[in-house]
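Every number here is computed from the coordinates shown, using simple stated rules; none is lab data. No experiment lies behind these values; they were computed from the predicted model shown. Here Cβ is always computed from backbone atoms with ideal geometry, including for glycine, and neighbour counts include all displayed protein chains.
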Amino acid sequence: MQKRSSILIIIALVIFTGLAAISASQLEFDYDFEHFFPQNDPDLEYFLEYRETFENDNDYVLISIGNKQGIFNPTFLQKANRFTNDLSQLNHVVEVISPTTLKTPIISSFGAIEVPLLHINDPLKLVVDSVQISKSKEYTKTLFSSDLTSICIVVNNAQIITKKASDELLVDIENLMDKYQFSELHYAGKVRGQKTYLTKMKFELMLFLSISVLLIITFLFISFRSIYGVIIPLITVLIAIIGVLGIMQITGKSLDVMSTLLPTILFVVGMSDAVHILNRYIEELRSGKEKMAAIKTTFKEVGLATFFTSITTAVGFITLIMVPIMPMQDFGIYSAIGVILAFIVAILFLPATLSLLRKPKIAAKNGKKLFWNKILSKSFVFVLKNQGKIVVGYLVVMIISVIGIFQLQVDYKLLEDLAEDEPLQQDFRFFENNYSGIRPFEMAIYTIDSNSIFDYNVMLQMDKVENYLYNDYEAGFILSPVSILKSINKATHGGSSAYYKIPETAKKYNSLLKKIKRLGIKNKLKSFITSTEAVCRFTGKLDDVGSKKIKERNIAFEQFFQSEINNKLIGYKMTGTALLVDKNNESLATNMILGLAIAFLLIALLIGIIFKSLKMAFLSIIPNVAPLALIGGLMGFLGTNINMSTSIIFTIAFGIAVDDTIHFLSKFKIESNKGKSLLYSLKRTYLSTGKAIVLTTLILCGGFVSLIFSDFKSTFLIGSYVGLILFAAVITDLLLLPVLLINIRLKKKSS
């Protein structure tokens, strides 16, 4: 490569990096939970229509406040009332439901009057109120904790609130909390969850990258023992990372919980290209070649293999488009773009830089005396002497792994990403233990042969449904036409809790409806019943028990509905944000297997075409199936569930791990074509490529190990398991792959 060409390439890359950096600096962070809904799905379309008709199921903040002297203390309740009034004045707040401002209607023949639920300024009446509340099913675990030691204030914010408005509201709420200084306070909701996740994402993006850079610099310096071997690979990869982040911004994408992993993953994956090329270049210099001849040989042999490995890694990532979740699809697409970009930068920047720089001092060292050669020589002898034991060992590991794989389960909790000591997680647990939980529950009930939800027989059937939801489905804080009518019936009987029920006869029920119509109370049901009175809403809260248990409850509910409910009168459809996320997880196992199968086939086909050999395609897959099976089994034994995050581990790891196999096979083919014997070719490959694949694996593992410092459980698991798969893969390449090559080649010769 001429000096002028090299300088022009470097200038072009500097300009590209500068422009990309300007774009990348404008990248925004995004944690829109709805992006994790299944795309182009009929259930999503139904939910969007349902939400348009009624309202969104997670636009609220729950605030629980307690008092050491008891919650029925006038001073405490007056303070809580002032807090409630201040909350209602905040921007983006639509409604505040609080025990201190709630009115209970008393309906008589003379009309309706509203009585405070709590007489906060009258201690004597407050005692009576406390007794009534303890007997009232509709208030415990909703606005009052199960043990009556705290009250809950529900802040309903604007529907589909923007990120900016969400942050403003959270700051205002937290400022009020600081102002009032309640002795016990817990709060939860989408606005807080979004802020917590985004804050952590921003911090961890820099944390992972910093740890990865530090670890990889250490590995590079130990391996090459020179600044030369550290700076050049680092610059190569950083150009690619800045480039892909710039492309993301130009194409209108933001950084989400998945794409924050992108810089770290690209850093470690892209480093592999630079290390293989640099290692081979130094090896060629040590063999006595001049600088330009060494560059030419390096890029002729290793450059082609690096291109193949970049394609296979990109294929591994691109199969994530099979998952019907937008953040995962974007992660797969931009990771694939990043891998290809890293190759292009390496193939341009490295020869240009190497041709301009002097030969590195490390190239003058005697390779035969180096540490790597001693270790790899002993390892090669071990493989030759223990071929049978290696094969048997792998078969045993595979059998045990398969047992573990059958123990894998699909399960996901909405907040399982957060550690138990995380304040947000602790507050969520508080609402689960003391109230009805935080997971939204939504269900539509529609009439079939009846014209109206208000028909008596329809209402009786829905009452049975509501009772089942409370007692068997374990839902709480249920609001529905049934619960509202029960409250109105109670109001017509002086507020007696004994009448919190649907009237026993059609006559009494119709009389109640007439009162409701006469007093105009029917308008209160508008947010729960459509204008045609053909569809109604059941909304509530659940503990975050996981998608597996929710699926079991849904199956049991279906059985109950078919056997106990008159299906000629009503039907139902579960919906809501939580259900859509559960549906994603339900299809993940299938998508994961399909994506992995496609990756296997595409990569095997690609290798078969490259090497013009089906046996080579077979050899490239076998050593990489074993590590996947091993980690799959380990996940099963350790109880790690398949969910949105862990499902991508296998496709990512396979696409990366197969790179080492391709480098090994590519070098072996080059050596074999020189007319050397099988064992000589294999030994040359083992000593030459062995160092590079061990080094790149250490770098890759080091990069992924940085993810274990994450506060997000999913990120921790991805880092841990991908690192383990890559480590297992390089061991397999150094032990099992040579054994397979020896035996297949010997069989070919004997036949």
Under 5 Å from the placed amide H of VAL410, counting only residues 5+ away or on other chains, we find ILE642
Over region 61-194: Kirkwood hydrodynamic radius from C-alpha pairwise inverse distances, Å:
15.7 Å
Within the chain, helix-based [θ] at 222 nm, where runs of 4 or more DSSP H residues each add -39,500 (n - 2.57), nearest 500
-22000 deg cm²/dmol
Just to confirm my numbers, what's the Cα centroid distance between region 592-612 and region 521-581 in Å?
44 Å
Rounded if a/c is under 1.5, else prolate if a/b beats b/c, else oblate: with a ≥ b ≥ c from the C-alpha gyration tensor eigenvalues square-rooted, which is region 1-81?
oblate
FRET efficiency (GLN78, LEU48; Cβ distance; R0 41 Å; to 0.05) is 0.45
Expressed as a whole-number percentage, the relative contact order of the chain with C-alpha contacts under 8 angstrom and at least six residues apart is 19 percent
Considering only GLN2, THR17, LEU44, whose Cα is most displaced toward the positive end of the charge dipole of region 1-49, charges sitting on Cβ of Lys, Arg (+1) and Asp, Glu (-1)?
GLN2
Among ASN467, ALA498, LEU424, whose Cα projects farthest towards the positive end of the dipole of region 423-581, with charges put on the beta-carbon of Lys, Arg (+1) and Asp, Glu (-1)?
ALA498
Over region 144-239, what lengths in whole Å, largest first, do the semi-axes of the equivalent ellipsoid take, defined as the square roots of 5 times the eigenvalues of the alpha-carbon gyration tensor?
48, 16, 11
Consider all pairwise Cα distances in region 372-491 and report the whole-number % of them above 20 Å.
71 percent
One finds, for ASN554 and SER496 with R0 = 30 angstrom and r their Cβ-Cβ distance, a FRET efficiency to the nearest 0.05 of 0.25
The chain - share of DSSP beta bridges that are antiparallel (%, nearest 5)
95 percent
Taking Lys and Arg as +1 and Asp and Glu as -1, residues besides PHE182 with C-beta under 15 Å from its C-beta add up to -1
Could you let me know the centre-to-centre spacing of region 382-400 and region 197-217, using Cα atoms, in angstrom?
39 Å
Sort 607-614, 378-385 by the packing proxy (mean of other Cβ within 10 Å over each peptide's residues), most packed first.
607-614, 378-385
Given a cut-off of 20 Å, what percent of all Cα-Cα pairs of region 587-694 lie beyond it?
48 percent
Have a look at region 91-135 and give its Rg and Dmax from the Cα atoms, expressed in angstrom.
13.1, 40
Based on other C-beta atoms within 10 Å, arrange PHE600, PHE668 from fewest to most.
PHE600, PHE668
Kyte-Doolittle mean at least 1.0 and Cα extent at least 30 Å along the axis: which DSSP H helices of the chain qualify?
3-24, 190-224, 228-250, 326-356, 577-611, 614-638, 678-705, 713-750
So how far apart, in nm, are the two label points at ASN156 and ASN566 if each is 7 Å from Cα heading toward Cβ?
3.1 nm
Estimated FRET transfer efficiency when R0 is 41 angstrom, pair ASN673-ILE250 (beta carbons, to 0.05)
0.40
Between ILE7 and GLU184, what is the label-to-label distance in nm when each label sits 7 Å out along the Cα-to-Cβ direction?
7.6 nm
Kindly list the residues of region 61-76 that lie in the label zone of ASN121, defined by a backbone N under 15 Å from the point 7 Å along the Cα-to-C-beta vector.
74-75
The ³J(HN,Hα) series, computed from each phi in region 140-153 with the Karplus coefficients 6.51, -1.76 and 1.60 at θ = phi - 60°, rounded to the nearest Hz and given as x for glycine or proline, is 6, 6, 10, 9, 10, 5, 4, 9, 6, 10, 7, 10, 10, 10
How far apart, in nm, are two points set 7 Å out from the Cα along the Cα-to-Cβ line at LYS374 and at ILE15?
5.1 nm
By how many nm would the segment from TYR680 to LYS514 lengthen if fully extended, with 0.36 nm per residue of separation less the alpha-carbon distance?
50.1 nm
How would you order 183-196, 259-272, 284-297 from highest to lowest mean count of nearby Cβ atoms within 10 Å?
259-272, 183-196, 284-297
Over what distance in Å are the Cα centres of region 1-47 and region 426-485 separated?
45 Å
Taking the Cβ of each residue in PHE441, PHE477 as the centre, tally the other Cβ atoms inside 10 Å and list the residues starting with the fewest.
PHE477, PHE441
Which of LYS526/LYS568; LYS202/LYS549; LYS195/LYS486; LYS253/LYS612; LYS190/LYS713 exceed 30 Å between C-alpha atoms? The answer is LYS202/LYS549; LYS195/LYS486; LYS253/LYS612
Can you quote the Å³ per residue value for the convex hull of the Cα atoms in region 423-581, rounded to an integer?
132 Å³
So who's got an amide H within less than 5 Å of the one on LYS501, skipping anything under 5 residues away but keeping other chains? H placed 1.01 Å off N, in plane.
LYS490
With viscosity set to 1.306 mPa s and temperature to 10 °C, compute the Stokes-Einstein D of region 190-273, Rh being the Kirkwood radius across alpha carbon pairs; µm²/s, no decimals.
113 µm²/s
Whole-Hz couplings from phi, Karplus 6.51/-1.76/1.60, listed for region 532-540; x for Gly and Pro
7, 6, 9, 9, 9, 10, 10, 10, x
Please compute the net charge surrounding THR715, taking Lys and Arg as +1 and Asp and Glu as -1 over other residues with Cβ under 9 Å from its Cβ.
-2
Gained length - VAL391 relative to GLN132, 0.36 nm times residue gap less alpha-carbon distance:
85.8 nm
What's the local net charge at ARG553, with K and R +1, D and E -1, over the other residues with C-beta under 12 Å away?
-2
Pull out the extension gain between ILE106 and SER146, defined as 0.36 nm times the separation in residues minus the alpha carbon to alpha carbon distance; nm, one decimal.
11.9 nm
Could you list the square roots of 5 times each eigenvalue of the Cα gyration tensor of the chain, that is, the equivalent ellipsoid semi-axes, sorted largest first and rounded to whole Å?
64, 28, 21
Using eta = 1.306 mPa s and T = 10 °C, Stokes-Einstein with Kirkwood Rh from Cα pairs puts D for region 272-421, in µm² s⁻¹, at 80 µm²/s
